[in-house]
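Novice: The structure that follows is given in the form of structure tokens.
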Amino acid sequence: MKRIGVLTSGGDAPGMNAAIRAVVRTGLDRGWEVFGIRQGYAGLIAGNMVPLGDREVGGIIQRGGTVLGSSRCPEFKTKEGQEKAVCRLDRQQIDGLVIIGGNGSQTGALALSRMNFPVVGVASTVDNDLYGSEFSIGVDTALNIAIEAIDRLKVTASSHQRAFLIEVMGRNCGYLALMAGIAGGAEAVVIPEVETDPEALAKELLAAYERGKPHAIVVVAEGALYNAEGLTRYFRENGERLGFELRSTILGHLQRGGTPTAFDRLLATRLGTAATERLSRGEYGVLAGHLKGEVAITPLDVVASTKKPLDLRILEWARILAR
Ligand code: ADP
Ligand code: F6P
């Protein structure tokens, strides 16, 4: 191996830059040339690549987002798009690729691997829904942003004895909502994995006031059937009968734009380094993730075909701890 590429794909996640830096410097240390591919798979198809040296990745470890840019690229889901990408890589004489991203991006990595191109993935998504990694790059930062928002809402909610819902990201996965709910001391959590009855939720919130709480906070996952939109509509239509209002805050992309925490920088550094080492050992078609405190290597076909389970026992703690 002489020349490798690195790209970031899908939703940007705080810590992606630390991973890019680790891949570039580990690759250069092996005596390779390293190319940065801009805008994810869209840049790969277009051949948008630049050589990266040590100094090009200086001063980025502390920055959120991705200096390489990212994209959602429908064309890469097609056979033609994937063939164009491999042609670009061959033309540029790139013989290995590190792909930093979430579920969709790693499914794309698997497609390249099935075309016999050497790839290694790095687990990175704020949703934390990627099989093969207990924590993905960006989750810790996103969680910290969510709990800061919950802490702030609690201050104003307590001053007025109000009920608030806060919607967090996560696509179809309730991980961010559940963990933010526990770490933020919420009264209730609504996630896609468990059906929610808004009437029962209203009773839970009223019960919190009856237990003497000055506030009621519900953390809601964007992917839940009753997300911010659904619950807001329900409480607007039934608020008078229920006897209280539910004010809504949608955190949205604010969660993705944070400065990476120490945990995310270290995780990204470990995974970026491990992925590059795997390329140098000729171990391809795998994802570098994090399991039980260690770097874990999982075949991409297993990653792409397995749904990461959410431990629903944790939802029970959330209920007990909201006493
Ligand atoms: P994430 O990687 O954060 O989950 P996406 O699901 O948007 O984000 O995926 C990022 C990109 O990965 C997509 O825009 C597409 O280019 C590529 N991708 C997603 N799914 C597939 C697939 N089934 N086959 C090939 N490429 C895919
Ligand atoms: O996958 C990361 C994520 O932030 C999800 O939580 C969210 O549903 C989605 O990306 C938003 O995508 P976009 O930034 O393309 O609107």
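The values are calculated or read from the model by the stated rules, or taken from the named source; none is laboratory data. Just so it is clear, the structure is predicted and the values come from calculations on it, not from any experiment. Neighbour counts run over all protein chains shown; Cβ positions are idealised from the backbone, glycine included.
Novice: For the range 59-162, please list each of the helices (runs of 4 or more DSSP H) lying entirely inside it that holds at least 2 residues being crowded, with 23+ Cβ neighbours inside 10 Å, more than 14 Å from ligand 1 (Cβ to nearest atom) and free of Cβ contacts under 8 Å to residues at least 12 places away in the same chain.
Specialist: Where helices (runs of 4 or more DSSP H) fall fully within the range 59-162, none carries at least 2 residues being crowded, with 23+ Cβ neighbours inside 10 Å, more than 14 Å from ligand 1 (Cβ to nearest atom) and free of Cβ contacts under 8 Å to residues at least 12 places away in the same chain.
Novice: Follow-up question, since we're still on this one. Mind listing whichever residues of the range 212-227 are without any contact (Cβ under 8 Å) to a residue 40 or more places away in the chain and touching a strand residue (DSSP E or B) at 6+ places or on another chain (Cβ under 7 Å)?
Specialist: Y226
Novice: Still on this model: Considering L312, L300, L321, which residue is closer than 30 Å to I94 by Cβ and either more than 16 Å from ligand 2 (Cβ to nearest atom) or among the charged types (D, E, K, R) (or both)?
Specialist: Result of the check over L312, L300, L321: L300.
Novice: Which residues, counting only those in the range 1-30, are without any contact (Cβ under 8 Å) to a residue 24 or more places away in the chain and not charged (D, E, K, R)?
Specialist: Scanning the range 1-30 gives no hits.
Novice: With the requirement that a residue be β-branched (V, I, T) and either in contact with a Cys (Cβ under 7 Å, 6 or more places away or on another chain) or within 30 Å of L143 (Cα to Cα) (or both), what does the range 10-44 give you?
Specialist: I20, V23, V24, T26, I37
Novice: Hey, another quick one. Quick check on the range 275-303: of everything there that is buried (at least 21 other Cβ atoms within 10 Å of the Cβ) and of a type in the set (A, V, I, L, M, F, W, C), which residue is farthest from G27 (Cα to Cα)?
Specialist: Out of the qualifying residues, it is V303.
Matching residues to (1) farther than 19 Å from L110 by Cβ; (2) of a type outside the set (K, R); (3) touching a strand residue (DSSP E or B) at 6+ places or on another chain (Cβ under 6 Å):
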{"position": "E277", "(1), (2), (3)": "yes, yes, no"}
{"position": "R281", "(1), (2), (3)": "yes, no, no"}
{"position": "L287", "(1), (2), (3)": "no, yes, yes"}
{"position": "E294", "(1), (2), (3)": "yes, yes, no"}
{"position": "D301", "(1), (2), (3)": "no, yes, no"}
{"position": "S305", "(1), (2), (3)": "no, yes, no"}
{"position": "L310", "(1), (2), (3)": "yes, yes, no"}
{"position": "I314", "(1), (2), (3)": "yes, yes, no"}
{"position": "A318", "(1), (2), (3)": "yes, yes, yes"}
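Novice: Here is a further query. For the range 1-53, give me each residue that is of a type outside the set (S, T, N, Q), more than 16 Å from ligand 1 (Cβ to nearest atom) and part of a helix (DSSP H, G or I).
Specialist: Once the filter is applied, which keeps residues that are of a type outside the set (S, T, N, Q), more than 16 Å from ligand 1 (Cβ to nearest atom) and part of a helix (DSSP H, G or I), the range 1-53 yields A18, R21, A22, V23, V24, R25, G27, L28, D29.
Novice: Between V219, V190, which is under 23 Å from V126 (Cα atoms), in contact with a Ser or Thr (Cβ under 8 Å, 6 or more places away or on another chain) and modelled with pLDDT of 95 or more?
Specialist: Among V219, V190, only V190 is under 23 Å from V126 (Cα atoms), in contact with a Ser or Thr (Cβ under 8 Å, 6 or more places away or on another chain) and modelled with pLDDT of 95 or more.
Novice: Would you say Y234 is in a helix (DSSP H, G or I), touching a helix residue (DSSP H, G or I) at 6+ places or on another chain (Cβ under 7 Å) and over 19 Å from D129 (Cα atoms)?
Specialist: Yes: the conditions hold for Y234.
Novice: Okay, next question. Looking at the range 286-297, can you tell me whether even one residue there is part of a helix (DSSP H, G or I) and basic (K, R)?
Specialist: No, every residue in the range 286-297 fails to be part of a helix (DSSP H, G or I) and basic (K, R).
Novice: Still on this structure, I have one more. Output the residues belonging to the range 163-197 that are more than 16 Å from ligand 1 (Cβ to nearest atom) and aromatic (F, W, Y).
Specialist: The one that is more than 16 Å from ligand 1 (Cβ to nearest atom) and aromatic (F, W, Y): F164.
Novice: Then there is this: So, in the range 237-257, how many residues would count as being outside any helix (DSSP H, G or I), of a type in the set (K, R) and exposed (fewer than 14 other Cβ atoms within 10 Å of the Cβ)?
Specialist: Result for the range 237-257: 0.
Novice: Turning to a different aspect of this structure: If you go through the range 69-95, how many residues are more than 16 Å from ligand 2 (Cβ to nearest atom) and either on the phi > 0 side of the Ramachandran plot or among the β-branched types (V, I, T) (or both)?
Specialist: 4
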